[in-house]
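What follows is one structure encoded as structure tokens, with my remarks underneath.
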There are 2 protein chains.
Amino acid sequence: MEHLIGNAAVGQSGGPTAAINASLAGVLRGVRDHAETIPKIYGMKNGIDGLLAGDLTDLTPLSRDGARLSLLETTPASALGSCRTRLPAPDSDDGTLARAVDVFRKYDIRYFFYIGGNDSMDTVAKLSAYTETVGYEMRVFGVPKTIDNDLALTDHTPGYGSAAKYVANTVAELVRDCAVYTVPAVTIVEIMGRDAGWLAASAGIGRYIGSGAPDAVYLPERAFSLDSFDRDLKEAFARHPNVVVAVSEGIRYRDGRYVCEGLFSEQKDRFGHVILTGAAAALKEHVKETFRCKARAVELSTVQRCAAHIASLTDIREASDIAAFAVGRAVCGESGRTAVFRRLSDDPYRVVFGSAPVSEIANKVKHVPDEFITPEGNYVTSAFAAYLLPLIRGETNPVYENGVVKHFIL
Amino acid sequence: MEHLIGNAAVGQSGGPTAAINASLAGVLRGVRDHAETIPKIYGMKNGIDGLLAGDLTDLTPLSRDGARLSLLETTPASALGSCRTRLPAPDSDDGTLARAVDVFRKYDIRYFFYIGGNDSMDTVAKLSAYTETVGYEMRVFGVPKTIDNDLALTDHTPGYGSAAKYVANTVAELVRDCAVYTVPAVTIVEIMGRDAGWLAASAGIGRYIGSGAPDAVYLPERAFSLDSFDRDLKEAFARHPNVVVAVSEGIRYRDGRYVCEGLFSEQKDRFGHVILTGAAAALKEHVKETFRCKARAVELSTVQRCAAHIASLTDIREASDIAAFAVGRAVCGESGRTAVFRRLSDDPYRVVFGSAPVSEIANKVKHVPDEFITPEGNYVTSAFAAYLLPLIRGETNPVYENGVVKHFIL
């Protein structure tokens, strides 16, 4: 078999995670190991935006620097920067896709690796279709990442395990924190996940491993009901005065309205802006009114997606390894595909890598399945715990300098 | 010298921290080492409330269990529970103080150790004064803790170093997270500290150690001005599109109004409640209006005070050691005092333990001094960095089980 010889380009796209730089390190390791086929690798600054602007950095020296690659693996967010740009459809190109191919020709780029989630896979699909149409031979490959864990056709996504580990640990600490007083109080923890509840689900893991756990967990996969919520809180108060619940930011009522737009939709600030609030903030007001007790909203915010100091070792290793695997597959001739995980067993945890057509992954959302949610819709099941546990196990032991984790800077 | 022979009681009071259980472990170790003088030690459930209710737990077996003491040291929040109860003044006792002495007599308690901050030291002062007045011989001792670091007469307080380490690391991660996009945006990170800015100040450490740092840091020790704030943001935007600032929750305008009550004071929700918001949320609205750019408020919330998974080893060791030291001082006859740190040098870091009259510590606040704040009032100085660094150095390497830090449960 004859390999397509040429350089590679790699980019990061979409929201930052604790593992997206491990994916980058994996692509670099993969290219280093296929140096006979891929002599050089260029990093695109801010994803496809950098490619179109010709803003490329030669990462070949970095790919051969083991110490710096290790540091890159434990550094959060996107070392190359990110973007949310959407390309035009291949059959109605306004010159954007043609420009991309010009840059490919100029740098003799024959391998394109794009690390991202659902939206970013759209870029991979379009570039793959367009280059084929215009007869520019290249291998276009998606490398999965998203804390949301909602990519189709893969068991899980790099970035999810680390975010879930942060959420599980932080909720366990919050449960301890809330337990110290005897005054009745409700703490509502809001976790990222607009469409799928995978990350919020991880808040419930404590119940299955004997660590601090919330009293209820609500996911967007189930319609949210204030009546059921009140009933859950009453039951929790019967057990202890300090109630903690976890909610996904994307929970909605049966009629489709987001909980976060439920309470303040008619409120405006002094500039006339509608006051936007989170789901937890909205529920806090409801709890104060209904239970006449102390209530607190804790939004884990963007901190949860970049908390590399408590990354999952499994996640970081897999992120790096599946990215290197993607390089190998591209060198073998595959294109227009995304690397995916297929799980063979939970315990012992066994997973194999594969690939799937990027067009079947782009713009799709994988929801938390029924068997991972209790019939009452207010907690996760032991089957979910079995699914999650392997993904959050292991610690990366990052390097601290002066008490602060050392980060890679390009 | 003849020692006062009798049992001990220990309690935790005020807000939870990552180090308050290390202080408890230190008291237990101290008592274990003075077993000839103090045969038994009782834990008060929920601080002074538990003492008054006679809700005491014999912790003597725990004091001799090294493995469990180690686990206790790295467990966040108060293992014994907490309270915010204030005792009556000794000269106008309504029976409460008399009841406390009844319990002391019943259990032959001659040593009283209370772990807490400014308010909790008020309890120590009153019990000390009252027992002296009624002629009940006992040693009453304060053991310092507070993430706020605002106790008078001590160089710093246990709990502060760990919270500061969490803040420094989280802000460094957020700065990386914010840097990935090219669209102008302002992220405002709100950090605990109503009266003193010590914890918010720790957000600025990155500038002095080459790690991710915010563009500005605002403390309650300086009057907050929207004009200066806008000027600072403009200067930051000239450097990069992603601006990050840290604010203390307690920042106020020159006229004394809190920034957090500045914007929505006339707004009510649909139940007629005044909408309370944080300083960061208020400034976010101001930024959107003034700069017409994306703005985000990140509240580190109660997570910052109980993040034991990233505790400072220096903090945890000192918390434990100064508590054991307090026991020794009490055995030697001191009473009505609080254990304090006196710093000899920053680098190498050298600190000695001492004690100070609790009446000079209770209900007082130690502010961040002028030399730790820049003349412009929008950052911390290198002198502050020299002060802070020794307190956040070192990692505790807590024990993980199934990816989640293992916690002590009484």
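The values are calculated or read from the model by the stated rules, or taken from the named source; none is laboratory data. Since this is a predicted model, take the numbers as computed values, not measurements. FYI the Cβ positions are ideal-geometry reconstructions off the backbone, even for glycines, and counts take in every protein chain you see.
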**Complete:** Among residues of the range B:367-390 being surrounded by fewer than 20 Cβ atoms within 10 Å (Cβ to Cβ) and either in the same structural domain as B:Arg329 (by TED's automatic domain parsing) or of a type in the set (Val, Ile, Thr) (or both), the residue farthest from B:Ala319 (Cα to Cα) is B:Thr374
**Prompt:** Residues of the range B:1-47 being of a type in the set (Val, Ile, Thr) and surrounded by fewer than 24 Cβ atoms within 10 Å (Cβ to Cβ), which ones?
**Reply:** B:Ile5, B:Thr37
**Residue match in the range A:359-377 (condition: part of a strand (DSSP E or B) and either of a type outside the set (A, V, I, L, M) or farther than 22 Å from A:Gly206 by Cα (or both))** = no
**Asked** For the range A:318-364, what are the residues that are of a type in the set (A, V, I, L, M) and modelled with pLDDT under 95?
**Response** A:Ile361, A:Ala362
**Message:** Filter the range A:298-315 down to the residues that are among the hydroxyl-bearing types (Ser, Thr, Tyr), facing chain B (nearest Cβ under 7 Å), more than 10 Å from B:Glu173 (Cα to Cα) and not in a strand (DSSP E or B) and list them by number.
**Reply:** A:Ser301
**Output for the range A:67-95, where each listed residue is hydroxyl-bearing (Ser, Thr, Tyr) and either at positive phi or out of contact with any Ser or Thr (no Cβ under 9 Å at 6 or more places or on another chain) (or both)** = A:Ser70, A:Thr75, A:Ser92
**Asked** Of all the residues that make up the range A:243-257, how many are surrounded by 14 or more Cβ atoms within 10 Å (Cβ to Cβ) and more than 26 Å from the chain's Cα centre (by Cα)?
**Response** 1
**Fill in**
A careful count of residues in the range A:108-119 that are surrounded by fewer than 18 Cβ atoms within 10 Å (Cβ to Cβ) and at negative phi gives 1
**Prompt:** Assuming B:Gly250 fulfils every condition listed in (1) modelled with pLDDT of 95 or more; (2) not in a helix (DSSP H, G or I) apart from one, which condition is it?
**Reply:** (1)
**Prompt:** Can you tell me which residue in the range A:326-358 is nearest to A:Glu137 (Cα to Cα), limited to those that are among the charged types (D, E, K, R) and in a loop (DSSP other than H, G, I, E, B)?
**Reply:** A:Glu334
**Asked** What pairs can you find where one residue is in the range A:364-389 and within 14 Å of chain B (Cβ to nearest Cβ) and closer than 29 Å to A:Asp122 by Cα, the other is outside any helix (DSSP H, G or I) and among the charged types (D, E, K, R), and their Cβ atoms are less than 9 Å apart, with a gap of 6+ or different chains?
**Response** A:Tyr387/A:Asp155; A:Tyr387/A:Arg343; A:Tyr387/A:Asp346
**Message:** I'd like to know if the range B:49-70 contains one or more residues that are within 22 Å of B:Tyr166 (Cβ to Cβ) and either among the polar types (S, T, N, Q) or not assigned by TED's automatic domain parsing to the domain that holds B:Gly193 (or both).
**Reply:** yes
**Asked** When you go through (1) free of Cβ contacts under 8 Å to residues at least 40 places away in the same chain; (2) within 14 Å of another protein chain (Cβ to nearest Cβ) one by one for A:Asp347, which number turns out not to apply?
**Response** (1)
**Prompt:** Out of curiosity, is B:Pro390 at pLDDT 95 or above and assigned to a helix (DSSP H, G or I)?
**Reply:** yes
**Message:** Condition check: surrounded by 24 or more Cβ atoms within 10 Å (Cβ to Cβ), under 18 Å from A:Ile205 (Cβ atoms) and either of a type in the set (S, T, N, Q) or in the same structural domain as A:Val31 (by TED's automatic domain parsing) (or both). Does A:Asp148 satisfy that?
**Reply:** yes
**Message:** Exactly one of these conditions fails for A:Gly403: (1) surrounded by 15 or more Cβ atoms within 10 Å (Cβ to Cβ); (2) at positive phi; (3) modelled with pLDDT under 95. Give me its number.
**Reply:** (3)
**Request:** Determine whether B:Asp94 is in contact with a Pro (Cβ under 6 Å, 6 or more places away or on another chain) and surrounded by fewer than 24 Cβ atoms within 10 Å (Cβ to Cβ).
**Result:** yes
**Message:** So A:Val189 passes all but one of these: (1) buried (at least 24 other Cβ atoms within 10 Å of the Cβ); (2) at pLDDT below 95. Which condition number does it fail?
**Reply:** (2)
**Request:** Pairs only if they're at least six apart or on different chains, beta carbon under 7 angstrom, first in the range A:129-156 and without any contact (Cβ under 8 Å) to a residue 40 or more places away in the chain, second in a strand (DSSP E or B); list them, first residue then second.
**Result:** A:Thr131/A:Val140
**Request:** Scan the range A:176-208 for residues that are more than 20 Å from B:Gln304 (Cβ to Cβ) and acidic (Asp, Glu) and jot them down.
**Result:** A:Asp195
**Asked** Which numbered condition trips up B:Pro398, out of (1) within 30 Å of A:Arg393 (Cα to Cα); (2) without any contact (Cβ under 8 Å) to a residue 12 or more places away in the chain; (3) more than 9 Å from chain A (Cβ to nearest Cβ)?
**Response** (2)
**Fill in**
Counted residues in the range A:48-61 being crowded, with 21+ Cβ neighbours inside 10 Å and within 12 Å of another protein chain (Cβ to nearest Cβ) come to 1
**Request:** Please give the number of the condition A:Phe104 fails out of (1) surrounded by 18 or more Cβ atoms within 10 Å (Cβ to Cβ); (2) in contact with a helix residue (DSSP H, G or I) (Cβ under 7 Å, 6 or more places away or on another chain); (3) not acidic (Asp, Glu).
**Result:** (2)
**Restricting the range B:287-297 to residues that are more than 9 Å from chain A (Cβ to nearest Cβ) and not small (Gly, Ala, Ser), the residue that is surrounded by the fewest Cβ atoms within 10 Å (Cβ to Cβ)** = B:Arg292
**Message:** If a residue must be part of a helix (DSSP H, G or I) and in contact (Cβ under 8 Å) with a residue 60 or more places away in the chain, how many such residues does the range A:104-125 contain?
**Reply:** 9
**Request:** Could you check the range A:131-242 for strands (runs of 3 or more DSSP E) lying wholly inside it with 1 or more residues that are within 27 Å of the chain's Cα centre (by Cα) and more than 14 Å from chain B (Cβ to nearest Cβ)?
**Result:** A:139-144, A:216-218
